[in-house]
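Scroll down for the structure; my scribbles are underneath it.
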Amino acid sequence: MAIRERLSGNEAVAHALKQIGPDVMAAFPITPSTEIPQYFSTYAANGEVDTEFVAVESEHSAMSACIGAAAAGGRAVTATSSCGLALMWEMLYVAASMRLPIVLAVVNRALTGPININNDHSDSMGARDSGWIQLYSENNQEVYDNTIMAYRIAEHPDVLLPMMTCQDGFIISHGIENIELMETDKVQAFVGKHKPEVSLMNPKHSVSMGPYSNASYYMEWKRQQAEAMKNAKKAILDISKEYAKISGREYGFFEEYKMEDAERAIVIIGSSAGTAKPVIDQLRAKGEKVGLIKIRMFRPFPMEELAKALSHVKAVAVMDKAESFSACGGPLFAETRSACYGLPNAPKMINYVYGLGGRDVRTTCIEEVYSELAKIQQTGDAGETYRHLSVRE
């Protein structure tokens, strides 16, 4: 039977980790992710988990400690935000290339500078090509569920890649919502024991971790990582279906909201989807055929599936909560437009960069986007493709 509870996003992560019981957590505090290791270290100190908590001197060291723990065959986890993730940069690539199934709880926050502690997706989007699987959450329930599924996905024998579970800083991380928890024994049975075939502590299987790779082998190394990322798609769906049987909640690569006959649609990531849904309901009540696709899985990117979902739409606005400084749009826009490029009747598509540094995203902002899409649908002219929403200029 589900357990009803009121938790913030950070509490949801810490509670899920307490139920899983990883071998090692190494962490360094940074707003707004600090509460995750804070809560979890209390569990460790009280003997509620048999986890080695390692208080390190930097985020670079936190990921380094996780790499060492995972290489030795243990389950490792850490949490960070913003510049903390940036300080891990070197070690993100090391963890992925070593095929270590580390879980990283990312509480999304703007990158400096100028200095800002509020939410956008610039930190994890900046790390999008580091070789990590990335899942994003709309609300606290998804944060909890994604955290539980993370180890099963990362440790899948056809995958063996590290994984980021992302949530919007303060909006989700510090906002308290009613969520449903599962009993600890169910969580532990679902996650299972970690028995890596290859580790530094396995005397029957000699292995070299982190070797130098010259031009004769580097390409093959990266090809294997790329194939593992492709394999992650099937693993994510299979594990989600298995999770649905015990939780009643099933997740796909993305959520389609009122998309069956939609002529205008928004593609978006994270908590802003929750802001957009009531607007869609109101416009639907007026007879307007509008919908939304909320991306859950950004890495690997669901290219074919997203193209199919958008194939009947006339006009699309892709919403990026990160600026890529490409001078032609944000990262989600680049991926989405690429996915739709081969469609015989590809939708007219525009990009809105929005919400940077915690800029409010109101229902009126979403209404404005759908209004612009209506003009595009009527005229057939997308106009300026690369736009910024709610900017004083």
Seminar exercise, completed: Inside the stretch 282-311, the number of residues satisfying the requirement of being in contact (Cβ under 8 Å) with a residue 12 or more places away in the chain and under 19 Å from Val369 (Cβ atoms) is 13
Exercise. Which one of the conditions (1) outside any helix (DSSP H, G or I); (2) under 18 Å from Ser124 (Cα atoms); (3) of a type in the set (A, V, I, L, M) does Ile266 fail to meet, given that it meets all the rest?
Worked result: (2)
For this session: Residue by residue through the stretch 92-123, note down the ones that are more than 15 Å from Ala62 (Cα to Cα) and free of Cβ contacts under 8 Å to residues at least 40 places away in the same chain.
Result: Leu111, Thr112, Gly113, Pro114, Ile115
Seminar exercise, completed: For the stretch 177-218, the count of residues that are under 23 Å from Ser137 (Cβ atoms) and surrounded by 13 or more Cβ atoms within 10 Å (Cβ to Cβ) equals 12
Exercise. What single numbered condition from (1) under 22 Å from Arg128 (Cβ atoms); (2) acidic (Asp, Glu); (3) surrounded by fewer than 24 Cβ atoms within 10 Å (Cβ to Cβ) fails to hold for Asp23?
Worked result: (1)
Problem set entry | Asn231, sole failed condition from (1) over 22 Å from the mean Cα position of the chain (by Cα); (2) of a type in the set (S, T, N, Q); (3) closer than 17 Å to Pro157 by Cα | (1)
Problem set entry | Number of positions in the stretch 283-329 that are closer than 17 Å to Thr363 by Cα, out of contact with any Phe, Trp or Tyr (no Cβ under 8 Å at 6 or more places or on another chain) and either charged (D, E, K, R) or part of a strand (DSSP E or B) (or both) | 2
For this session: Select, from Ala127, Ala105, the only residue that is more than 10 Å from the chain's Cα centre (by Cα) and among the small types (Gly, Ala, Ser).
Result: Ala127
Problem set entry | Qualifying residues in the stretch 108-123 (those that are outside any loop (DSSP other than H, G, I, E, B) and touching a helix residue (DSSP H, G or I) at 6+ places or on another chain (Cβ under 7 Å)) - the one surrounded by the most Cβ atoms within 10 Å (Cβ to Cβ) | Asn108
For this session: May I ask you to list the residues in the stretch 32-52 that are hydrophobic (A, V, I, L, M, F, W, C) and over 24 Å from the mean Cα position of the chain (by Cα)?
Result: Ala44, Ala45, Val49
For this session: Please enumerate the residues belonging to the stretch 329-353 that are crowded, with 19+ Cβ neighbours inside 10 Å and over 21 Å from Met259 (Cβ atoms).
Result: Gly329, Gly330, Pro331, Val353
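Values in this text are rule-based calculations from the coordinates and carry no lab data. A quick note: this is a predicted structure, and the numbers were derived from the prediction, not measured. Note that we place each Cβ from the backbone using ideal geometry, even for glycine, and neighbour counts take in every protein chain shown.
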